[in-house]
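Chemist: Before anything else, here's the structure in question.
The values are calculated or read from the model by the stated rules, or taken from the named source; none is laboratory data. Note that this is a predicted model, so its numbers are computed, not measured. Neighbour counts run over all protein chains shown; Cβ positions are idealised from the backbone, glycine included.
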Amino acid sequence: MIASVFAGFINAIAGGGTLLTFPALVAVGVEPVSANITNTVALWWGPLAGALSYRNTIKENLPILKVFLLPSILGAILGALLLIYTPSDTFRKAIPFLIGFATLLLALSEVIMKLLKNSPLYRSSLPISLLLQFATGVYGSYFGAGIGIMMVSSIVLSGVSNIQVAIGLKNFLGFLINLLGALIFLFSGKVAFDFVLVMMPGFVVGGYLGAFTAQRLNPKAVKTTIVIWGTLLSLFFFVREFRLIP
């Protein structure tokens with residue numbers, strides 16, 4: 001419950017909440033694949049709130065949104081199925097790299113956004129952007145942390161120069177990817193529903209508190225804290241899973 005409140009809080013400010021809730025579930029004994037699935041089922045409402053806040057922007061840009069629907073849907077379905085059928089031992093080995101990748105995306109998010117905003121690539125790279133969005137859908141259902149910056153990248157590369165439009169479309173597509181993953185996971189037999197029932201209100205409370213205090217906190221300081229935490233987590237799981245310390 002406490003981890004989900006903090007996760008909802010930092011998701012509203014800087015992102016990276018999965019880097020709190022996933023290891024918390026693993027720490028209390030939930031099997032890693034089940035922990036990841038449970039986390040996805042519990043947090044799908046967050047992207048919905050973000051999408052609703054941009055509903056006017058989304059309505060005004062429906063033609064662009066429709067272009068990204070198919071790769072998002074196909075990617076989300078594939079990612080969810082891959083996670084369900086990934087052997088637990090294999091997923092354990094992948095954990096430090098998934099957390100490390102998500103942490104790197106969060107750490108470099110401002111740099112990536114600035115480069116994309118000033119790059120001429122977004123004027124003529126629709127095929128590349130659709131391929132990236134498909135990959136984002138796969139990753140989003142498989143692990144999920146850090147997909148926001150991946151989606152903004154794919155949308156900007158398609159020719160969207162207004163970053164607020166890109167963020168609005170990202171929020172809706174993120175909700176769609178998480179929802180599809182959650183629906184598939186519900187029938188996987190790997191959802192720890194007792195934790196879902198505890199985490200969902202925690203995400204709600206944390207998200208509300210995060211939105212309320214977002215203008216009072218320094219987002220960069222929050223993000224830096226999460227990046228440090230993610231780096232330590234990645235190193236911890238790497239050492240543990242690969243038995244680098246006897």
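Chemist: If you take the residues in the range 54-65 that are of a type in the set (S, T, N, Q) and either surrounded by 14 or more Cβ atoms within 10 Å (Cβ to Cβ) or within 26 Å of I184 (Cα to Cα) (or both), which one is modelled with the highest pLDDT? If you could, list the steps in order and put the result at the bottom.
Modeler: From the range 54-65, those of a type in the set (S, T, N, Q) are 56-57, 61; that's our starting set.
Filter again for either surrounded by 14 or more Cβ atoms within 10 Å (Cβ to Cβ) or within 26 Å of I184 (Cα to Cα) (or both), leaving 57, 61.
On the way: T57: 85, N61: 90.
Selected residue: N61.
Chemist: For the range 104-135, enumerate the residues that are modelled with pLDDT of 80 or more, touching a helix residue (DSSP H, G or I) at 6+ places or on another chain (Cβ under 7 Å) and closer than 21 Å to G230 by Cβ.
Modeler: A107, A135
Chemist: How many residues are within 13 Å of Y142 (Cα to Cα) and either among the small types (G, A, S) or without any contact (Cβ under 8 Å) to a residue 24 or more places away in the chain (or both) when one looks only at the range 27-49?
Modeler: Let us first name the residues in the range 27-49 that are within 13 Å of Y142 (Cα to Cα), namely 32-41.
With either among the small types (G, A, S) or without any contact (Cβ under 8 Å) to a residue 24 or more places away in the chain (or both) added as a condition, the list becomes 34-35.
So the answer is 2.
Chemist: Is there any pair linking a residue in the range 50-66 that is free of Cβ contacts under 8 Å to residues at least 24 places away in the same chain and over 19 Å from V204 (Cβ atoms) to one that is small (G, A, S) and surrounded by 16 or more Cβ atoms within 10 Å (Cβ to Cβ), with Cβ under 6 Å and at least six apart or on different chains, and which?
Modeler: The qualifying pairs do not exist here.
Chemist: Could you tell me which residue of the range 1-26 is modelled with the highest pLDDT, considering only residues that are among the small types (G, A, S) and not in a helix (DSSP H, G or I)? Talk me through it step by step, then tell me what you get.
Modeler: Start the filter on the range 1-26 by keeping residues that are among the small types (G, A, S), which leaves 3-4, 7-8, 12, 14-17, 24.
Next, only the ones that are not in a helix (DSSP H, G or I) stay: 14-17.
Numbers: A14: 56, G15: 62, G16: 67, G17: 74.
Step by step, filter the range 1-26, then rank; the result is G17.
Chemist: Next question. So, in the range 129-160, of the ones that are part of a loop (DSSP other than H, G, I, E, B) and within 10 Å of the chain's Cα centre (by Cα), which residue ends up farthest from A182 (Cα to Cα)? First the steps, then the outcome.
Modeler: As a first pass, look at the range 129-160 and keep what is part of a loop (DSSP other than H, G, I, E, B): 143-146, 158-160.
If we keep only those that are within 10 Å of the chain's Cα centre (by Cα) too, we end up with 143-146.
Details: F143: 12, G144: 12, A145: 15, G146: 17 Å.
The qualifying residue farthest from A182 (Cα to Cα) is G146.
Chemist: Of all residues in the range 66-106, count the ones that are aliphatic (A, V, I, L, M) and either touching an Asp or Glu at 6+ places or on another chain (Cβ under 8 Å) or surrounded by fewer than 20 Cβ atoms within 10 Å (Cβ to Cβ) (or both).
Modeler: Of all residues in the range 66-106, those aliphatic (A, V, I, L, M) come to 67, 69-70, 73-74, 76-78, 80-84, 94-95, 98-99, 102, 104-106.
Now drop any that are not either touching an Asp or Glu at 6+ places or on another chain (Cβ under 8 Å) or surrounded by fewer than 20 Cβ atoms within 10 Å (Cβ to Cβ) (or both), which leaves 67, 69-70, 73-74, 77-78, 81-82, 84, 94-95, 104.
Counting residues in the range 66-106 that are aliphatic (A, V, I, L, M) and either touching an Asp or Glu at 6+ places or on another chain (Cβ under 8 Å) or surrounded by fewer than 20 Cβ atoms within 10 Å (Cβ to Cβ) (or both) gives 13.
Chemist: Among the candidates V227, V222, V165, V204, which residue alone is farther than 24 Å from A42 by Cα, modelled with pLDDT under 90 and part of a helix (DSSP H, G or I)? Working first, answer last.
Modeler: Details: V227 fails: farther than 24 Å from A42 by Cα; V222 fails: farther than 24 Å from A42 by Cα; V204 fails: farther than 24 Å from A42 by Cα.
Unique residue meeting the criteria: V165.
Chemist: Another question, if that's okay. Please indicate, with yes or no, whether at least one residue in the range 156-168 is surrounded by fewer than 19 Cβ atoms within 10 Å (Cβ to Cβ) and closer than 22 Å to I84 by Cβ.
Modeler: No, the range 156-168 contains no residue that is surrounded by fewer than 19 Cβ atoms within 10 Å (Cβ to Cβ) and closer than 22 Å to I84 by Cβ.
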